[in-house]
1. Hey, does the stretch 161-179 have a residue that's of a type in the set (A, V, I, L, M, F, W, C), crowded, with 17+ Cβ neighbours inside 10 Å and within 12 Å of the chain's Cα centre (by Cα)?
2. Could you list, in sequence order, the residues of the stretch 223-257 that are open to solvent by less than 10 Å² (accessible area, probe 1.4 Å) and hydrophobic (A, V, I, L, M, F, W, C)?
3. For the stretch 262-280, give me each residue that is closer than 22 Å to ALA247 by Cβ and either open to solvent by less than 10 Å² (accessible area, probe 1.4 Å) or not in a helix (DSSP H, G or I) (or both).
4. Working only within the stretch 298-323, note down all residues that are in a loop (DSSP other than H, G, I, E, B), open to solvent by less than 70 Å² (accessible area, probe 1.4 Å) and more than 19 Å from MET262 (Cβ to Cβ).
5. Regarding the stretch 216-228, can at least one residue be identified that is over 17 Å from the mean Cα position of the chain (by Cα), outside any loop (DSSP other than H, G, I, E, B) and over 27 Å from LEU112 (Cα atoms)?
6. Taking the condition of being assigned to a loop (DSSP other than H, G, I, E, B) and among the hydroxyl-bearing types (Ser, Thr, Tyr), how many residues in the stretch 105-138 meet it?
7. For the stretch 190-216, how many residues meet the condition of being farther than 12 Å from VAL150 by Cβ and either in contact with a Leu (Cβ under 9 Å, 6 or more places away or on another chain) or open to solvent by less than 70 Å² (accessible area, probe 1.4 Å) (or both)?
8. What pairs come up if the first residue lies in the stretch 178-192 and is in contact (Cβ under 8 Å) with a residue 60 or more places away in the chain and closer than 19 Å to ARG136 by Cβ, the second is open to solvent by 10 Å² or more (accessible area, probe 1.4 Å) and of a type in the set (S, T, N, Q), and their beta carbons are under 6 Å apart, counting only those six or more places apart or on different chains?
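The values are calculated or read from the model by the stated rules, or taken from the named source; none is laboratory data. The structure displayed is predicted, hence computed values, not measured ones. Virtual Cβ from ideal backbone geometry, glycine too; neighbours counted across all protein chains shown. For the accessible areas, the whole protein counts, side chains as well, though only heavy atoms, and no ligand, DNA or RNA atoms are used. Shrake-Rupley method; radii C 1.70, N 1.55, O 1.52, S 1.80 Å.
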Amino acid sequence: MKSFYAVYISSDTSSIADNYEQKESEKTTTQPFNVSGGVYNDDDVPLPPMPSQEEPPEFSDPNLKKPKKLSPEHLNDAQKAVNVLGLDLVTRAYSKNWAHRGNALVQLRDILESHPESPKSDTRALWRAAIKVVERTLKDNVYQVFNLSVKVLKQLISDFAIKHRVTKGDMIFGVEKSMPILISKTGETINHQMQKLAKEFIVDLAMLPTVKPLALVPQHCVKPFSSTVAAKLGTSRCEIVENLLIALPIRDGSGFTVDNVMKFSREALQHSSGDVRNVAENIITALYKDYSKQVRKYLPPDTETARKKLKYRKLFQMFDEIDGKPSPEAEKVVLGY
């Protein structure tokens, strides 16, 4: 099946140059991906720096290989996207060369920007194909590619969705495909820029006018995690919930309830990392200020035995402070026990 964008995608998008994010008024052709600091071949081996902008590199440069053909497995996985976006773009998105992957996203961004008013079936096909490509590139370990993936996803879910009246079902499809990957990126331990961007974007995504009414982001964020999850990921997940609760307080339709937040926090409180437990305590105490009776139902009874455990003693002492009464520990000091 021939792609309805086959004519749009030209071979000169293979070239690599700087400044791929020029203002719309300055765009005349697809701007290739910025690969400052050099490019890599299909085996991710560094190649010599590319020429300056005054002498744009040719795609036929002997040092830069064309993307390898899609494997049968990848072709089968991305066949619907190939039908819509063309084989060239999808091949680049699956390439081992991060510059090609970046160029695929630049092409996709420009396709989305120039997509005209069209039948719903065409728009829906483009939406799903674009989500497929972004789902792939969000997993990228190269920050430049991940960063551009986030920008294209936001473009899809905000500007494109509003302009082309994307259905609620397709919006849910896009968010459901993206959230697990974004959450996993918040546990990134090597690239802290990537981790920071993922955390910030999840909060940003939850507040977008096209996403907020769906209440999907909070629901994904409060899925409990086991005590064996990596400390970095556990801490990030708790911090995201803590920040989202400020922007989206518990109420009908927000995606947060006392039940799902407390079940999430109670599990986080069992983690071996003090950093994870500290943020979980912050969430619980913040919730306690407005829902004290409900919060206590998810915790052990406030007894001397429970207070022997540090994690519960700290919580109950903070509860006492909020309630304006002295804790048993403080009373013992006063009485000289």
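1. Step one: list which residues in the stretch 161-179 are of a type in the set (A, V, I, L, M, F, W, C), which gives 161-162, 166, 171-173, 175, 179.
Applying the additional criterion that residues be crowded, with 17+ Cβ neighbours inside 10 Å yields 161, 166, 171, 175, 179.
Checking the rest, the ones that are also within 12 Å of the chain's Cα centre (by Cα) come to 175, 179.
Within the stretch 161-179 (the criterion being of a type in the set (A, V, I, L, M, F, W, C), crowded, with 17+ Cβ neighbours inside 10 Å and within 12 Å of the chain's Cα centre (by Cα)), the answer is yes, since at least one residue qualifies.
2. Residues satisfying the conditions are CYS238, ILE240, VAL241, LEU244, LEU248, PHE256.
3. MET262, PHE264, SER265, ALA268, VAL276, ALA280 - these are the residues of the stretch 262-280 that are closer than 22 Å to ALA247 by Cβ and either open to solvent by less than 10 Å² (accessible area, probe 1.4 Å) or not in a helix (DSSP H, G or I) (or both).
4. The first filter runs over the stretch 298-323 and keeps only residues in a loop (DSSP other than H, G, I, E, B), leaving 298-303, 308-309.
From what is left, the residues that are open to solvent by less than 70 Å² (accessible area, probe 1.4 Å) are 298-300, 302-303.
Correct list: THR303 only.
5. First, pick out the residues of the stretch 216-228 that are over 17 Å from the mean Cα position of the chain (by Cα): 224-228.
Adding the requirement that they be outside any loop (DSSP other than H, G, I, E, B) leaves none.
There is no residue in the stretch 216-228 that is over 17 Å from the mean Cα position of the chain (by Cα), outside any loop (DSSP other than H, G, I, E, B) and over 27 Å from LEU112 (Cα atoms).
6. First pass over the stretch 105-138, keeping only residues assigned to a loop (DSSP other than H, G, I, E, B): 115-119, 138.
If we keep only those that are among the hydroxyl-bearing types (Ser, Thr, Tyr) as well, we get 118.
Number of matching residues: 1.
7. Within the stretch 190-216, the first condition is being farther than 12 Å from VAL150 by Cβ, and the residues that meet it are 190-192, 195, 203, 206-216.
Among the residues that remain, those that are also either in contact with a Leu (Cβ under 9 Å, 6 or more places away or on another chain) or open to solvent by less than 70 Å² (accessible area, probe 1.4 Å) (or both) are: 191, 195, 203, 206-208, 210-212, 214-216.
Matching residues across the stretch 190-216 total 12.
8. Listed by first residue and then by second, the contacts come to nothing, as the list is empty.
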